[in-house]
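Notes follow the structure.
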Amino acid sequence: MNITYSVVGSGSVGKTLASLFARAGLDVLIANSRGPESLSALAAELGRHVIPATVERAFEADVIFLAVGFAQVKAVTAKRLDWTNKIVVDVTNALQPAEVREAESRGLLSSEINAEFVSGAKLVKAFNHLPVRQLGTNPSMDGQRQVVFVSSNHADASATVAALATQLGFAPVELGRLDEGGAPLHALHGKPGGLLFQNLTKLA
Ligand SMILES: NC(=O)c1ccc[n+]([C@@H]2O[C@H](COP(=O)([O-])OP(=O)(O)OC[C@H]3O[C@@H](n4cnc5c(N)ncnc54)[C@H](OP(=O)(O)O)[C@@H]3O)[C@@H](O)[C@H]2O)c1
(Lines give C-alpha, C1' and ligand atoms only; values in the text may rest on other atoms or scores of the structure.)
Protein backbone atom coordinates (compact mmCIF):
# COMPACT_ATOMS: atom_id res chain seq x y z
CA MET A 1 0.00 0.00 0.00
CA ASN A 2 1.26 3.47 -0.90
CA ILE A 3 1.55 5.77 2.10
CA THR A 4 0.18 9.26 1.49
CA TYR A 5 1.71 12.40 3.01
CA SER A 6 0.71 15.97 3.75
CA VAL A 7 2.09 19.10 5.34
CA VAL A 8 -0.29 21.50 7.07
CA GLY A 9 1.35 24.90 7.31
CA SER A 10 3.19 26.64 4.48
CA GLY A 11 5.42 28.97 6.43
CA SER A 12 9.18 28.60 6.43
CA VAL A 13 9.03 25.07 7.88
CA GLY A 14 6.10 23.83 5.77
CA LYS A 15 7.70 25.08 2.56
CA THR A 16 11.02 23.49 3.46
CA LEU A 17 9.37 20.17 4.25
CA ALA A 18 7.53 20.32 0.91
CA SER A 19 10.83 20.96 -0.85
CA LEU A 20 12.29 17.83 0.75
CA PHE A 21 9.43 15.73 -0.65
CA ALA A 22 9.90 17.35 -4.06
CA ARG A 23 13.63 16.58 -3.97
CA ALA A 24 12.88 12.94 -3.11
CA GLY A 25 10.18 12.63 -5.79
CA LEU A 26 7.46 11.84 -3.25
CA ASP A 27 3.97 13.30 -3.57
CA VAL A 28 2.85 15.55 -0.72
CA LEU A 29 -0.26 17.62 -0.18
CA ILE A 30 0.31 21.06 1.32
CA ALA A 31 -2.27 23.28 3.02
CA ASN A 32 -2.47 26.55 4.92
CA SER A 33 -5.13 28.86 6.33
CA ARG A 34 -5.61 30.75 3.05
CA GLY A 35 -6.58 27.88 0.76
CA PRO A 36 -4.97 25.99 -2.13
CA GLU A 37 -4.98 28.98 -4.53
CA SER A 38 -2.49 30.75 -2.29
CA LEU A 39 -0.09 27.83 -2.81
CA SER A 40 -0.06 27.73 -6.60
CA ALA A 41 3.18 29.71 -6.89
CA LEU A 42 4.89 27.41 -4.39
CA ALA A 43 3.65 24.35 -6.26
CA ALA A 44 4.89 25.80 -9.55
CA GLU A 45 8.28 26.47 -7.97
CA LEU A 46 8.66 23.03 -6.35
CA GLY A 47 7.15 20.93 -9.13
CA ARG A 48 4.46 18.34 -9.63
CA HIS A 49 5.04 16.37 -6.43
CA VAL A 50 3.82 19.28 -4.26
CA ILE A 51 0.04 19.45 -4.44
CA PRO A 52 -1.95 22.34 -2.92
CA ALA A 53 -4.96 21.23 -0.89
CA THR A 54 -7.46 22.34 1.69
CA VAL A 55 -6.65 21.55 5.31
CA GLU A 56 -9.51 19.04 5.37
CA ARG A 57 -8.10 17.22 2.32
CA ALA A 58 -4.58 17.31 3.75
CA PHE A 59 -5.88 15.64 6.90
CA GLU A 60 -6.97 12.67 4.78
CA ALA A 61 -3.32 11.68 4.22
CA ASP A 62 -1.85 8.76 6.18
CA VAL A 63 1.07 10.79 7.55
CA ILE A 64 0.39 14.44 8.34
CA PHE A 65 3.08 16.97 9.27
CA LEU A 66 1.76 19.69 11.56
CA ALA A 67 3.93 22.69 10.62
CA VAL A 68 1.90 25.40 12.34
CA GLY A 69 2.65 27.31 15.52
CA PHE A 70 2.06 25.39 18.74
CA ALA A 71 -0.65 27.90 19.65
CA GLN A 72 -2.49 27.13 16.38
CA VAL A 73 -2.60 23.35 16.74
CA LYS A 74 -5.90 23.23 18.62
CA ALA A 75 -7.76 25.32 16.01
CA VAL A 76 -6.20 23.55 13.01
CA THR A 77 -6.81 20.03 14.26
CA ALA A 78 -10.45 20.85 15.13
CA LYS A 79 -11.07 20.56 11.37
CA ARG A 80 -11.00 16.76 11.65
CA LEU A 81 -13.00 14.64 14.07
CA ASP A 82 -11.69 11.11 13.52
CA TRP A 83 -7.93 10.70 13.76
CA THR A 84 -7.97 6.90 13.84
CA ASN A 85 -5.12 5.33 11.83
CA LYS A 86 -3.43 8.68 11.20
CA ILE A 87 0.21 9.39 11.96
CA VAL A 88 0.71 13.02 12.97
CA VAL A 89 4.25 14.35 12.84
CA ASP A 90 4.52 17.15 15.39
CA VAL A 91 7.06 19.63 14.06
CA THR A 92 6.07 22.37 16.51
CA ASN A 93 8.33 23.92 19.10
CA ALA A 94 6.57 25.51 22.09
CA LEU A 95 9.32 27.98 22.86
CA GLN A 96 7.35 31.14 23.58
CA PRO A 97 6.90 31.77 27.30
CA ALA A 98 3.08 31.53 27.32
CA GLU A 99 3.19 28.31 25.33
CA VAL A 100 5.78 26.76 27.60
CA ARG A 101 3.83 27.78 30.69
CA GLU A 102 0.66 26.23 29.30
CA ALA A 103 2.38 22.90 28.78
CA GLU A 104 4.33 22.85 32.01
CA SER A 105 1.42 23.99 34.17
CA ARG A 106 -0.19 20.68 33.33
CA GLY A 107 3.02 18.72 33.80
CA LEU A 108 2.94 17.80 30.12
CA LEU A 109 5.30 18.06 27.22
CA SER A 110 3.98 20.18 24.35
CA SER A 111 3.72 17.06 22.17
CA GLU A 112 1.56 15.38 24.81
CA ILE A 113 -0.83 18.35 24.63
CA ASN A 114 -0.85 18.13 20.85
CA ALA A 115 -1.53 14.38 21.09
CA GLU A 116 -4.71 15.18 23.00
CA PHE A 117 -5.92 17.35 20.08
CA VAL A 118 -5.50 14.42 17.67
CA SER A 119 -6.76 11.72 20.00
CA GLY A 120 -6.77 8.40 18.18
CA ALA A 121 -3.81 9.32 15.98
CA LYS A 122 -0.25 8.17 16.61
CA LEU A 123 1.79 11.30 17.26
CA VAL A 124 5.46 11.34 16.33
CA LYS A 125 7.82 14.14 17.35
CA ALA A 126 10.31 14.59 14.51
CA PHE A 127 11.89 17.14 12.17
CA ASN A 128 11.52 19.85 14.84
CA HIS A 129 15.02 19.99 16.24
CA LEU A 130 16.75 21.73 13.33
CA PRO A 131 16.50 25.44 12.61
CA VAL A 132 14.61 25.66 9.34
CA ARG A 133 17.57 27.10 7.44
CA GLN A 134 19.51 23.92 8.25
CA LEU A 135 16.69 21.44 7.66
CA GLY A 136 17.66 19.33 4.69
CA THR A 137 20.93 21.05 3.96
CA ASN A 138 23.35 18.26 4.81
CA PRO A 139 22.18 15.30 2.72
CA SER A 140 24.23 16.78 -0.09
CA MET A 141 27.40 16.32 1.95
CA ASP A 142 29.48 13.45 0.72
CA GLY A 143 29.50 10.37 2.93
CA GLN A 144 27.24 11.69 5.66
CA ARG A 145 23.60 12.29 6.33
CA GLN A 146 21.88 14.82 8.54
CA VAL A 147 20.29 13.28 11.63
CA VAL A 148 16.55 13.54 12.22
CA PHE A 149 15.43 12.51 15.69
CA VAL A 150 12.20 10.51 15.90
CA SER A 151 10.22 9.96 19.09
CA SER A 152 6.77 8.51 19.74
CA ASN A 153 4.81 6.44 22.19
CA HIS A 154 3.96 4.25 19.19
CA ALA A 155 6.94 2.24 17.94
CA ASP A 156 5.26 1.35 14.64
CA ALA A 157 4.58 5.01 13.85
CA SER A 158 8.18 5.90 14.76
CA ALA A 159 9.37 3.24 12.34
CA THR A 160 7.16 4.62 9.56
CA VAL A 161 8.45 8.17 10.06
CA ALA A 162 12.05 6.93 10.35
CA ALA A 163 11.63 5.13 7.01
CA LEU A 164 10.26 8.32 5.48
CA ALA A 165 13.18 10.32 6.89
CA THR A 166 15.53 7.89 5.15
CA GLN A 167 13.63 8.32 1.88
CA LEU A 168 13.96 12.10 2.29
CA GLY A 169 17.73 11.77 2.60
CA PHE A 170 18.24 11.87 6.37
CA ALA A 171 19.70 9.51 8.97
CA PRO A 172 16.88 8.86 11.45
CA VAL A 173 17.72 8.29 15.10
CA GLU A 174 14.83 6.77 17.04
CA LEU A 175 14.66 7.92 20.65
CA GLY A 176 11.74 5.94 22.02
CA ARG A 177 8.85 7.40 24.00
CA LEU A 178 8.05 11.11 24.12
CA ASP A 179 8.57 11.42 27.86
CA GLU A 180 11.71 9.29 27.86
CA GLY A 181 14.24 9.52 25.00
CA GLY A 182 12.12 12.16 23.26
CA ALA A 183 11.99 14.64 26.16
CA PRO A 184 15.10 16.60 25.01
CA LEU A 185 13.30 17.36 21.73
CA HIS A 186 10.98 19.67 23.66
CA ALA A 187 11.26 22.93 25.54
CA LEU A 188 11.85 21.94 29.14
CA HIS A 189 11.59 24.32 32.10
CA GLY A 190 11.53 27.31 29.75
CA LYS A 191 14.64 26.31 27.82
CA PRO A 192 15.21 24.29 24.65
CA GLY A 193 15.79 20.63 25.48
CA GLY A 194 19.28 19.27 24.94
CA LEU A 195 18.65 17.97 21.41
CA LEU A 196 16.87 21.06 20.09
CA PHE A 197 18.92 23.00 17.53
CA GLN A 198 21.70 20.41 17.38
CA ASN A 199 22.70 19.82 13.77
CA LEU A 200 24.27 16.36 13.84
CA THR A 201 25.34 14.07 11.02
CA LYS A 202 25.88 10.35 10.74
CA LEU A 203 28.38 8.65 8.46
CA ALA A 204 26.45 7.11 5.58
N1 LIG B 1 11.42 28.31 12.22
C2 LIG B 1 12.19 27.30 12.59
O3 LIG B 1 13.44 27.33 12.47
C4 LIG B 1 11.55 26.05 13.13
C5 LIG B 1 12.28 24.87 13.17
C6 LIG B 1 11.66 23.73 13.62
C7 LIG B 1 10.33 23.78 14.02
N8 LIG B 1 9.64 24.95 13.99
C9 LIG B 1 8.23 24.94 14.36
O10 LIG B 1 7.49 24.70 13.16
C11 LIG B 1 6.22 25.36 13.23
C12 LIG B 1 6.03 26.25 12.00
O13 LIG B 1 7.05 27.23 12.00
P14 LIG B 1 7.14 28.31 10.83
O15 LIG B 1 8.35 29.11 11.13
O16 LIG B 1 7.00 27.66 9.50
O17 LIG B 1 5.81 29.17 11.12
P18 LIG B 1 5.11 30.24 10.20
O19 LIG B 1 6.07 30.73 9.17
O20 LIG B 1 4.45 31.21 11.09
O21 LIG B 1 3.97 29.39 9.42
C22 LIG B 1 2.85 28.90 10.08
C23 LIG B 1 1.92 28.28 9.06
O24 LIG B 1 0.77 27.77 9.75
C25 LIG B 1 -0.38 28.05 8.99
N26 LIG B 1 -1.57 28.11 9.82
C27 LIG B 1 -1.78 28.82 10.95
N28 LIG B 1 -3.04 28.63 11.39
C29 LIG B 1 -3.63 27.79 10.51
C30 LIG B 1 -4.93 27.22 10.40
N31 LIG B 1 -5.88 27.47 11.31
N32 LIG B 1 -5.18 26.38 9.36
C33 LIG B 1 -4.22 26.13 8.44
N34 LIG B 1 -2.97 26.63 8.49
C35 LIG B 1 -2.69 27.45 9.51
C36 LIG B 1 -0.09 29.40 8.39
O37 LIG B 1 -0.97 29.57 7.29
P38 LIG B 1 -0.92 30.90 6.36
O39 LIG B 1 0.33 30.73 5.55
O40 LIG B 1 -2.15 30.79 5.51
O41 LIG B 1 -0.90 32.05 7.29
C42 LIG B 1 1.39 29.27 8.01
O43 LIG B 1 1.52 28.72 6.73
C44 LIG B 1 6.23 26.13 14.54
O45 LIG B 1 5.54 25.39 15.52
C46 LIG B 1 7.70 26.25 14.91
O47 LIG B 1 7.90 26.33 16.31
C48 LIG B 1 10.22 26.07 13.52
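Structure above, values below:
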read-out	value
Given (1) within 24 Å of Leu196 (Cβ to Cβ); (2) more than 11 Å from the ligand (Cβ to nearest atom); (3) touching a Lys or Arg at 6+ places or on another chain (Cβ under 9 Å); (4) not in a strand (DSSP E or B), number of the condition Ala22 does not satisfy	(1)
Listing of helices (runs of 4 or more DSSP H) fully contained in region 27-109 that carry 1 or more residues being closer than 15 Å to Ser10 by Cα and within 14 Å of the ligand (Cβ to nearest atom)	40-46, 55-58, 73-77
Test set (1) part of a strand (DSSP E or B); (2) modelled with pLDDT of 95 or more - Arg145 fails condition number	(2)
Selection count, region 1-13, where residues are within 16 Å of the ligand (Cβ to nearest atom), over 15 Å from Ala165 (Cα atoms) and either buried (at least 16 other Cβ atoms within 10 Å of the Cβ) or among the aliphatic types (A, V, I, L, M) (or both)	4
Qualifying residue in region 118-126 (condition: at pLDDT 95 or above, surrounded by fewer than 19 Cβ atoms within 10 Å (Cβ to Cβ) and not charged (D, E, K, R))	yes
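The values are calculated or read from the model by the stated rules, or taken from the named source; none is laboratory data. Remember, predicted model here, so these are calculated numbers, not experimental data. Don't worry about glycine lacking a Cβ; one is built from the backbone with ideal geometry, like all the others, and counts go over all protein chains shown.
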